[in-house]
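Notes follow the structure.
Any read-out appearing in this document is the output of simple, stated calculations on the displayed coordinates, not a laboratory observation. Keep in mind that this is a model prediction, so the values were computed, not measured. Don't worry about glycine lacking a Cβ; one is built from the backbone with ideal geometry, like all the others, and counts go over all protein chains shown.
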Amino acid sequence: MSAGTLIACSTKEIIMGAHSSLGPIDPQFNGMAAYQIIEEFKNAENAITINPNLAKLWEPILRQYPPTLIEKCKHSLDWTKILAKEYLTRNMLKDKNDNIAEDVVKKLIDNEITKSHNRQLSLKKCKEIGLKVLALEDDDELQDQVLSVHHSVMIMLNRIEVSKVILNNDNDSWYQISLQEAKN
């Protein structure tokens, strides 16, 4: 969801169905949020500063991380913030104050707010955050078209093991059969 949410920030508006969701845009390293890795190091540093005897307790936890990971996490967070703000100010929030885009980015990236990388942000929550979101169910014709594409793709995926599907507005399509299917 995080990369999809970042892509959604580059649009003029987001169309979501009642059961759609976006997610936090926090970068991940080996399944852990960059924000959480940085926080864990801060917690270790604070704990060891207060009580140096705790260093032995923190050693096995910190040993699992490569030496440059903290800087990589910081750079990834910074880059994600820059991209999200740039996307929002260029498109969805171009008529708004830059502070509004910064506030939206903070709500999407800050683990203190989102609490979890896999948190689902509903249409209502996305609107509260400040994203421009339209409800799919408000446009019957569009909803019918979207569901038709969805059902067609689901039928195809049930019949063939496909790893990639590309469709465009000129009715051109391309799909890649997965390597597993191709071997059989």
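For S148 and K124, what is the calculated FRET efficiency with R₀ set at 25 Å and r taken between the beta-carbons, to the nearest 0.05?
On the way: r = 26 Å, r/R0 = 1.04.
Calculated value: 0.45.
How high is the relative contact order of the chain, given as a whole-number percent (alpha carbon pairs under 8 Å, six or more residues apart)?
Working: 203 pairs, mean separation 53.7, N = 184.
So the answer I get is 29 percent.
Assign one of three labels to the stretch 74-155, namely rounded, prolate or oblate, based on the Cα gyration tensor with a ≥ b ≥ c the square roots of its eigenvalues; rounded applies when a/c is under 1.5, prolate when it is not and a/b is larger than b/c, and oblate otherwise.
Values: a/c = 2.19, a/b = 1.69, b/c = 1.29.
It is prolate, given that a/c is not under 1.5 and a/b is the larger ratio.
Given the Cα-Cα distance of E40 and I70 and 0.36 nm per residue of separation, how much length would full extension add, in nm? Display every interim value, and only then the final one.
Working: separation 30, 0.36 × 30 = 10.80 nm, distance 1.01 nm.
In short, 9.8 nm is gained.
Lysines near K85 by alpha-carbon distance under 17 Å, same-chain residues fewer than 8 away left out - which ones?
Straight-line reach from K85, under 17 Å: K12, K74, K94, K96, K106, K107, K127, K132.
In terms of modelled amide H atoms, which long-range or inter-chain residues lie less than 5 Å from the amide H of I25?
I109
Under 16 Å from a label point 7 Å along Cα→Cβ of Q176: give me every residue in the stretch 150-166 with its amide N that close.
161-166
Apply the Karplus parameterisation 6.51 cos²θ - 1.76 cosθ + 1.60, with θ equal to phi minus 60°, to every residue of the stretch 153-161 and state each ³J(HN,Hα) to the nearest whole Hz, in sequence, with x for glycine and proline.
Using θ = phi - 60°, the values come out as 5, 4, 4, 4, 5, 6, 8, 9, 7 Hz.
Would you calculate a helix-derived [θ] at 222 nm for the chain, using -39,500 (n - 2.57) for each DSSP H run of n ≥ 4 and dividing by the full residue count, to the nearest 500?
Details: 9 runs with 103 residues, N = 184.
Taking each H run of at least 4 residues, the total per residue is -17000 deg cm²/dmol.
For the stretch 139-183, what class follows from the C-alpha gyration tensor (a ≥ b ≥ c being the square roots of its eigenvalues): rounded when a/c is under 1.5, otherwise prolate if a/b is larger than b/c, else oblate? Show your work: numbers first, answer last.
Working: a/c = 4.39, a/b = 1.96, b/c = 2.24.
It is oblate, given that a/c is not under 1.5 and a/b is not larger than b/c.
Can you run phi through the Karplus equation (6.51, -1.76, 1.60; θ = phi - 60°) for the stretch 127-143 and list ³J(HN,Hα) in whole Hz, with x for Gly and Pro?
For the stretch 127-143, the Karplus-derived couplings read 5, 4, 5, x, 7, 8, 10, 10, 7, 4, 5, 7, 10, 4, 5, 5, 4 Hz, x marking Gly and Pro.
What is the distance in Å between the Cα centroid of the stretch 1-46 and that of the stretch 98-129?
Cα centroid to Cα centroid, the span is 9 Å.
Among C126, A3, A33, which residue has its Cα positioned farthest towards the positive end of the charge dipole of the chain, with +1 placed on the Cβ of Lys and Arg, -1 on the Cβ of Asp and Glu, and the dipole taken about the Cα centre?
A33
Could you work out how far helix 98-109 tilts from the main Cα principal axis of the chain, as a 0 to 90 degree angle to the nearest 10?
80
Residue by residue, what Karplus-based ³J(HN,Hα) values in Hz, rounded to whole numbers, does the stretch 43-52 have, using 6.51, -1.76 and 1.60 with θ = phi - 60° and x for Gly and Pro?
4, 5, 4, 4, 4, 6, 5, 6, 9, x
In the stretch 53-133, if the dipole is taken from +1 on Lys/Arg beta carbons and -1 on Asp/Glu beta carbons about the Cα centre, which of N111, S76, A55 is farthest to the positive end?
Of the listed residues, the answer is N111.
Search the structure for amide H atoms under 5 Å from the amide H of V133, placed 1.01 Å from N in the peptide plane, and list their residues when 5 or more places away or on another chain.
Correct list: I14.
Students often check this: by mean Cβ neighbours within 10 Å, which of 44-53, 70-79, 18-27 ranks highest, and how do the rest follow? Each step should come with its number before you reach the end.
Numbers: 44-53: 11.8, 70-79: 15.2, 18-27: 19.2.
Top to bottom by mean Cβ count within 10 Å: 18-27, 70-79, 44-53.
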